[in-house]
Amino acid sequence: MAYFSETYHESIKYGRQVSGDPVTLHWENSGNVSNPYAAGKRYATNGVKAGQRKKSASEDLFEITQSSSTLLNRLFTQLQNDVSADGLHSVGVYAYIKGQSVPDDLYKFDYETRELVAYPWENAKLKKTRLEALVKAFADGNFIEDAPITLFFTALLDRAVWRFKEAAYHELELDVGSYVGLASISARSAGAMGIPLGSFVDAEVAYALDLGVSEIPMAAVAIMPKALKKYELASQFAYSSRGELPMQENAALNPRVRARFLLQNKAESITDLSKCVKVFRVQNQAFEGDEFPLTPQKYPNEFFFREYDFLGPGALEHRPFKPWTASLDDFSTLLRWMEICTLNAFGAGLLKIWVACFDVSLVYQGIYRYQPSKKSLYLHAGNLDREAFLKAHLDGESPKDAAFAVFFTVDLKDACNIMGDRGYRCLNMNAGYVAEMLRESARSLGKYARRETFFYEDELKRLMKIPESETLLCEVLVGR
């Protein structure tokens with residue numbers, strides 16, 4: 001029997017002909033949800049004063065190399081940008097902050113006013129109960145206890161369903177991954193490190209953050225000092241929840257919820273952390289085909305972060321590409337900079353990377369597999385038909401003049417065998433995470449990259465000779 005993740009993804013693929021009745025999209029009595037944070041005290045993210053924190057003899061947590069206000073300002077200055085695929089502000093951002101220049105508390109980030117809004121606790125007992133629940137909800141809750149700043153990202157379904165219909169959940173997972181990538185880069189540029197956390201009890205996090213019924217917790221990032229060596233290998237593993245929801249029970253999920261994306265969410269949800277198993281990074285096998293090693297980076301990583309600070313915030317753009325032939329150095333640097341932060345943020349090495357080259361100097365036009373560990377491309381298929389490639393998108397003009405495209409795929413059955421249905425969420429977020437690395441890398445080199453949302457998956461797979469067993473999660477176009 002197929003995993004529900006396979007069934008869900010098959011149902012959201014775009015096709016040229018659609019038959020049958022439209023799917024009724026709704027969730028259980030969502031209604032108008034009140035915003036409990038509206039009455040909370042507000043703090044401007046660009047005006048907080050630097051605070052001081054002493055380090056005790058038994059604590060090796062956070063030696064501040066820059067003022068705490070600098071870290072807070074940098075994180076939330078970047079997060080005010082909308083990096084979701086269609087600019088819908090469809091991701092909610094929350095933060096649990098300790099030992100910084102604002103009072104220790106749980107906050108919601110207000111996009112419109114660019115302020116942190118503290119939760120208005122009724123009493124100290126409620127605050128203690130909810131914060132304890134928040135820590136216990138994570139399989140790796142020690143990160144939240146130790147981290148000075150923990151960011152939580154949620155999917156706002158009611159902002160995306162009208163646009164993407166059943167595919168809204170898939171697109172929101174990619175969006176959340178992009179925000180996690182943005183936060184990780186911002187932390188790294190401030191001398192800290194972002195550790196993505198994807199394994200938690202959804203209902204407990206929703207309770208702790210006081211979320212409405214149409215807002216789903218998706219991921220968290222613990223912002224840790226880079227000096228802590230014991231956390232550097234944290235992203236070498238993911239969590240499997242294979243024992244959480246037997247496949248035969250999928251059909252018994254709440255029949256009143258007609259939307260498949262909510263059935264998928266229920267299939268992914270973890271309720272018992274004791275059933276989670278740590279999965280260490282899966283090693284990639286050698287690829288077939290002629291090997292083309294990339295050239296050394298045109299600029300070192302230090303250039304990336306210096307340029308990143310100089311450029312400042314940059315929301316996702318939607319504009320046509322300009323004719324451009326990418327130099328081999330630019331091409332190689334952009335691919336290598338995808339690893340500017342941890343590449344396997346959620347997927348434990350299960351994500352596969354393909355590159356379609358159109359206009360790259362000294363690189364044959366064709367389809368390549370990219371192996372980051374060897375910094376090499378492997379020719380998979382030559383003579384890519386560009387006109388057919390354009391027609392494999394809903395808007396055939398959208399990819400026009402892109403120099404190359406990067407695709408992220410996964411063998412979904414294999415991934416679910418390792419990680420359970422939760423693997424679909426993790427791998428989508430991993431794809432969005434790396435896509436954001438690529439977008440920011442392009443900005444640093446004065447180029448333009450964006451995610452392409454609407455494409456015919458089956459047509460692209462046939463054109464690019466991608467194995468039938470692989471699922472296409474995300475496409476990123478790169479040009480000028």
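The values are calculated or read from the model by the stated rules, or taken from the named source; none is laboratory data. Bear in mind the structure is a predicted one, so any value in this text is a computation, not a measurement. Cβ placement follows ideal geometry from the backbone for every residue including glycine, while neighbour counts extend to all protein chains displayed. The area values use the complete protein model at the heavy-atom level, side chains included, leaving out ligands, DNA and RNA. Shrake-Rupley method; radii C 1.70, N 1.55, O 1.52, S 1.80 Å.
Structure data summary
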item: Calculated P(r) tail over 15 Å for region 349-391, as whole % of Cα pairs; result: 45 percent
item: Accessible area of region 257-340 belonging to carbon and sulfur atoms, whole % at 1.4 Å probe; result: 50 percent
item: Volume per residue of the C-alpha convex hull in region 59-194, rounded to whole Å³; result: 127 Å³
item: Reciprocal of mean inverse Cα separation for region 376-480 (Kirkwood radius, Å); result: 14.8 Å
item: Volume per residue that the Cα convex hull of region 285-419 spans, once the total is divided by residue count, Å³; result: 150 Å³
item: Candidate residues K275, K391, K447: accessible-area rank, largest first, probe 1.4 Å; result: K391, K275, K447
item: Electrostatic dipole magnitude of region 303-372 [Cβ: Lys, Arg +1; Asp, Glu -1; Cα centre; debye, to 20]; result: 220 debye
item: Length gained when the stretch T70-S327 is fully extended (0.36 nm per residue, less Cα-Cα span); result: 88.9 nm
item: Size of charge dipole - the chain - debye, nearest 20, with Cβ of Lys, Arg +1 and Asp, Glu -1, no other charges; result: 940 debye
item: Residue-averaged 222 nm ellipticity for the chain, from DSSP H runs of 4+ at -39500 (n - 2.57), nearest 500; result: -9000 deg cm²/dmol
item: Residue list for region 428-455, given a label point 7 angstrom along the Cα-to-Cβ vector of F310 and an amide N cut-off under 19 Å; result: 439-449
item: Charge tally in the Cβ shell below 12 Å around I12, where Lys, Arg are +1 and Asp, Glu are -1, I12 excluded; result: -3
item: Distance (nanometres) between label positions extended 7 Å along Cα→Cβ at E302 and D458; result: 5.3 nm
item: Spin-label zone in region 446-480 - amide nitrogen under 20 Å from a point set 7 Å from the Cα of K13 along the C-beta vector; result: 452-476
item: Gained length - R114 relative to K127, 0.36 nm times residue gap less alpha-carbon distance; result: 2.3 nm
item: Length released on extending from E317 to R163, taking residue separation times 0.36 nm less the Cα-Cα span; result: 53.7 nm
item: The chain: radius of gyration and largest Cα-Cα distance (Dmax), Å; result: 21.8, 68
item: Peptides 399-408, 177-186 ordered by average Cβ neighbours within 10 Å, highest first; result: 177-186, 399-408
item: Semi-axis lengths (Å, descending) of the ellipsoid that matches the C-alpha gyration tensor of region 291-343; result: 21, 18, 11
item: Relative contact order (percent, whole number), the chain, Cα cutoff 8 Å, 6+ residue spacing; result: 18 percent
item: Cut-off 20 Å (backbone N to label point 7 Å along Cα→Cβ of A38), residues of region 106-129; result: 107-123
item: Given K266/K391; K278/K465; K41/K128; K298/K391; K278/K413, the pairs whose alpha carbons are separated by over 26 Å; result: K266/K391; K278/K465; K298/K391
item: Spatial separation of Cα centroids for region 140-198 and region 455-480, in angstrom; result: 24 Å
